[in-house]
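Inspection log for the structure reproduced underneath, given as structure tokens.
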Amino acid sequence: MQTQVSIAQDIYMISVNDRRTALFENLWPIPHGVSYNSYVILDEHCALLDTIEFGSDGSYLDRVEAILEGRPLEYLIVNHMEPDHSGEIGSVLKRYPNIKVIGNALTKKMLDAYFGDLTANFQEVRHGDTLSLGTHTLQFFLTPWVHWPETMVTYEQSTKVLFSADAFGTFGTTDGAATDADTDLSVYVEDMRRYYSNIVGKYGNMVQKALAKLSGLEITTLCPLHGPVWRRQAGEVIALYDKWSKGEADDAVMIVYASMYNNTAHMADYIASCLKRRGVADVRVYDVSKTHMSYLISEMWRCRYVMLGSCAYNGDMFPVMEQLCSAMTHYGLKNRDLAIFGSCSFGGGGVRALKKFAETVGWNIVGEPTEVTGRATRENLEKFLPLANAMADHVLKVAPKQEPLACKTCCRKG
């Protein structure tokens with residue numbers, strides 16, 4: 001059991017570190033674990049803001065009562081109904097049968113579906129409504145589809161603390177540092193981007209609308225439902241969400257390839273070498289079969305320039321590459337520049353399928369999609385030099401050279 005953490009005047013955090021769950025939402029690997037956060041406000045009328053995943057901490061209600069020190073718990077604020085945050089609501093209702101549950105109209109429908117008719121306990125709030133606890137005043141802002149339709153955030157006016165639900169959260173346990181007074185954003189930024197891109201990323205336009213609604217607030221502290229509380233670096237975290245939800249990215253190139261017998265892998269490495277020789281600083285190469293899709297999705301949010309290469313497989317692209325492309329079509333990420341390459345043994349199909357993906361997703365095509373037949377011989381590798389130079393020109397924002405830089409020294413001899 002972790003000790004209670006003071007966030008602001010009479011505001012406390014209850015955080016549970018989950019290092020046992022292998023897949024978040026039974027889908028996304030969390031090698032660094034994840035935390036579930038809940039908050040308590042002590043006042044004339046005490047309030048609990050969200051709960052945690054059911055069973056993640058058997059002492060959860062004891063921890064709530066330890067903070068209350070005998071005071072009655074009068075309100076439960078439900079910012080988000082996803083079970084990793086609403087899981088203990090049933091336990092709270094049993095322990096405090098007279099508690100008022102605060103949420104919006106959609107929250108009520110979901111609460112009833114999970115816990116039965118709560119009409120006697122429920123108090124509906126609308127966008128902009130306030131609730132006085134005494135010294136503290138809560139104001140509610142509806143932020144639908146960040147990332148569920150009922151999601152809202154709660155702003156405490158006197159301390160300027162924003163209880164932000166899943167927004168501004170991250171994968172990764174807190175490891176003794178519940179706030180950024182004892183840790184740094186740099187420790188979490190990779191996990192935060194992977195969390196954002198995979199969990200929230202599809203709803204970038206709704207994130208922008210939510211940020212616009214909150215833009216007039218002075219926010220000193222972000223209290224998300226996953227990860228540390230952000231006070232010292234709250235502005236930087238908000239800026240990252242603004243950047244990612246706009247689809248803005250770094251001047252970086254990611255090369256993702258699908259290869260059965262290493263020929264396409266050699267082509268990816270050749271292209272990467274050419275880019276480096278041209279002066280492209282940030283180049284990453286990934287095997288789509290060995291890197292979990294969640295990491296590749298996160299990298300696509302980071303990198304402005306994407307190069308996809310696939311061998312042919314049953315007249316199409318390699319199945320795992322097809323899964324990645326399907327996911328990116330689903331997420332609807334915009335403002336990316338794409339180059340396409342691949343290899344085949346007879347009829348082809350990988351590059352042809354990737355070109356169809358490019359049309360569907362609407363990304364800008366850089367260079368001429370290039371496919372070769374057979375092994376990664378020196379002669380075949382050199383066929384990818386124009387594509388590599390086209391991408392380098394694009395990244396470096398220079399006009400194409402009359403005589404593109406040759407790269408024979410890094411070619412693999414056949």
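Figures for the structure shown
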| quantity | calculated |
| --- | --- |
| Some residue of the stretch 290-302 being closer than 22 Å to GLU368 by Cβ, in contact with a helix residue (DSSP H, G or I) (Cβ under 8 Å, 6 or more places away or on another chain), touching a residue at least 60 places away in the same chain (Cβ under 8 Å) and of a type in the set (Lys, Arg) | no |
| Checking GLN2 against (1) at pLDDT below 95; (2) out of contact with any Lys or Arg (no Cβ under 9 Å at 6 or more places or on another chain); (3) of a type outside the set (D, E, K, R), the condition it does not meet | (2) |
| Of all residues making up the stretch 83-108, the number that are within 15 Å of ASP62 (Cα to Cα), out of contact with any helix residue (DSSP H, G or I) (no Cβ under 8 Å at 6 or more places or on another chain) and not charged (D, E, K, R) | 1 |
| Within the stretch 101-210, strands (runs of 3 or more DSSP E) holding 1 or more residues that are crowded, with 22+ Cβ neighbours inside 10 Å and among the charged types (D, E, K, R) | 152-156 |
| Pair list, Cβ under 6 Å, 6 or more apart: the stretch 379-397 residue more than 22 Å from ALA281 (Cα to Cα), other residue open to solvent by less than 10 Å² (accessible area, probe 1.4 Å) | ASN380/VAL372; LYS383/VAL372 |
| Those helices (runs of 4 or more DSSP H) lying entirely in the stretch 1-100 with at least 3 residues within 17 Å of LEU118 (Cα to Cα) | 89-95 |
| Index of the failed condition, CYS223 passing every other in (1) over 21 Å from SER298 (Cβ atoms); (2) open to solvent by 10 Å² or more (accessible area, probe 1.4 Å) | (2) |
| First in the stretch 247-264 and closer than 16 Å to MET328 by Cβ, second anywhere and of a type in the set (Asp, Glu) and in a strand (DSSP E or B), Cβ under 9 Å, 6 or more apart | VAL256/ASP287; TYR257/ASP287; ALA258/ASP287 |
| Hits in the stretch 348-403 - residues which are on the phi > 0 side of the Ramachandran plot and basic (Lys, Arg) | LYS397 |
| Per-region count, the stretch 45-100, residues on the phi > 0 side of the Ramachandran plot and either crowded, with 21+ Cβ neighbours inside 10 Å or over 32 Å from the mean Cα position of the chain (by Cα) (or both) | 3 |
| The stretch 385-405, subset more than 14 Å from LYS276 (Cβ to Cβ), part of a loop (DSSP other than H, G, I, E, B) and open to solvent by less than 90 Å² (accessible area, probe 1.4 Å), residue modelled with the highest pLDDT | VAL398 |
| Of residues in the stretch 6-43 being in contact with a Ser or Thr (Cβ under 7 Å, 6 or more places away or on another chain) and open to solvent by 60 Å² or more (accessible area, probe 1.4 Å), the one farthest from ARG193 (Cα to Cα) | GLN9 |
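Results for (1) of a type in the set (A, V, I, L, M); (2) closer than 26 Å to SER245 by Cβ, shown as yes or no for each residue.
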site: ASN262; (1), (2): no, no
site: MET267; (1), (2): yes, no
site: ASP287; (1), (2): no, no
site: SER298; (1), (2): no, yes
site: CYS303; (1), (2): no, yes
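The values are calculated or read from the model by the stated rules, or taken from the named source; none is laboratory data. Keep in mind that what you see is a predicted model, and the values were worked out from it rather than measured. Don't worry about glycine lacking a Cβ; one is built from the backbone with ideal geometry, like all the others, and counts go over all protein chains shown. Side chains included, ligands, DNA and RNA excluded: accessible areas come from the protein's heavy atoms. Shrake-Rupley method; radii C 1.70, N 1.55, O 1.52, S 1.80 Å.
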